[in-house]
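Worksheet: one structure, shown below.
The values are calculated or read from the model by the stated rules, or taken from the named source; none is laboratory data. Keep in mind that this is a model prediction, so the values were computed, not measured. Here the Cβ positions follow ideal geometry from the backbone for every residue, glycine too, while neighbour counts run over all protein chains shown.
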Amino acid sequence: MKGEGSSIYLASRIALQNKEIKLNFLLRNPTKRAYSQYYHMLRTGRSTHTFEDTLKYNPVSVLERSLYKDHLEPYYKNIPK
């Protein structure tokens, strides 16, 4: 099995392939993913606040990667159905 965690450039690179492509997206529960991001930030010292305060004062740091629609749109835009 192969995978990719970055969606920044991958969609356009896949679109360059001259063959039929099937894509499977595995998405975590967005709430669990947000908590996981928060715990990672605690472990690495990038957050020292409670989860609630982090959401209140810096929500993007925890929630941005859970906004799956934003990350999937480049694939839908660049790769034919």
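Values computed for the structure shown
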{"item": "Which numbered condition residue 34 misses (of (1) among the hydrophobic types (A, V, I, L, M, F, W, C); (2) touching a Pro at 6+ places or on another chain (Cβ under 9 Å); (3) surrounded by 14 or more Cβ atoms within 10 Å (Cβ to Cβ))", "result": "(2)"}
{"item": "When residues of segment 43-81 are limited to those that are among the aliphatic types (A, V, I, L, M) and surrounded by 10 or more Cβ atoms within 10 Å (Cβ to Cβ), the one nearest to residue 20 (Cα to Cα)", "result": "79"}
{"item": "Residue among 16, 26 that is exposed (fewer than 10 other Cβ atoms within 10 Å of the Cβ), of a type in the set (A, V, I, L, M) and at pLDDT below 90", "result": "16"}
